[in-house]
Amino acid sequence: MITGFFSEIGRPYIYGKVTLPRFGVSVDVPFLLDTGADSSCLHSEDARNLAVPESSLGNEVHAGGVGGTAAYYREPATITFAYGSGGIDEVSYNIDLDLSYSDESIGLPSLLDRDILDDWHIEYSRKRNLLRCTI
């Protein structure tokens, strides 16, 4: 079982470790669970923590959201989640992850979407401070 948490304003988050195999870099990311998102993405602050120069990325795509359309770079990635007793077990997913380096995405949370969430059973109760995902 993967355990999540709620932010001060009640947003549901789960930590995942993002690895970009092409660059051999990883970073821990708090992902906002977003069942309305069509693709998982790292917004500016988390993407920049990977220390991959924007100039070395390709495959530019445009994605629309509540705030309008923005440019992202689609990159093969592995996202790993810890679960089990003491978080010693792991499950990994290979997905195409959208990376934003735009200043407009500063302060926006990185999103975990249905490409992973559809595989999970999610127990969600902010009132009881309960956010658990069963694989």
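The values are calculated or read from the model by the stated rules, or taken from the named source; none is laboratory data. All figures in this text were calculated on a predicted structure; none of them were measured in a lab. When we count neighbours, we look across all protein chains shown, and the Cβ atoms used for this are built from the backbone with ideal geometry, even at glycine. These area figures cover heavy atoms from the full protein model, side chains too; ligands, DNA and RNA do not enter into them. Shrake-Rupley method; radii C 1.70, N 1.55, O 1.52, S 1.80 Å.
A few comments on the model shown:
- Only residues that are in a helix (DSSP H, G or I) and closer than 11 Å to residue 1 by Cβ were counted in the stretch 71-99, giving 2.
- Qualifying residue in the stretch 40-48 (condition: in a strand (DSSP E or B) and closer than 12 Å to residue 111 by Cβ): yes
- Just one residue in the set 47, 51 is hydrophobic (A, V, I, L, M, F, W, C) and over 24 Å from residue 9 (Cα atoms); that residue is 51.
- Taking the stretch 103-135 as the range and being touching a residue at least 24 places away in the same chain (Cβ under 8 Å) and open to solvent by less than 40 Å² (accessible area, probe 1.4 Å) as the test, the residues that pass are 105, 109, 110, 111, 112, 113, 116, 117, 120, 131, 133.
- Test: residue in the stretch 24-32 that is under 12 Å from the mean Cα position of the chain (by Cα) and open to solvent by 30 Å² or more (accessible area, probe 1.4 Å): yes
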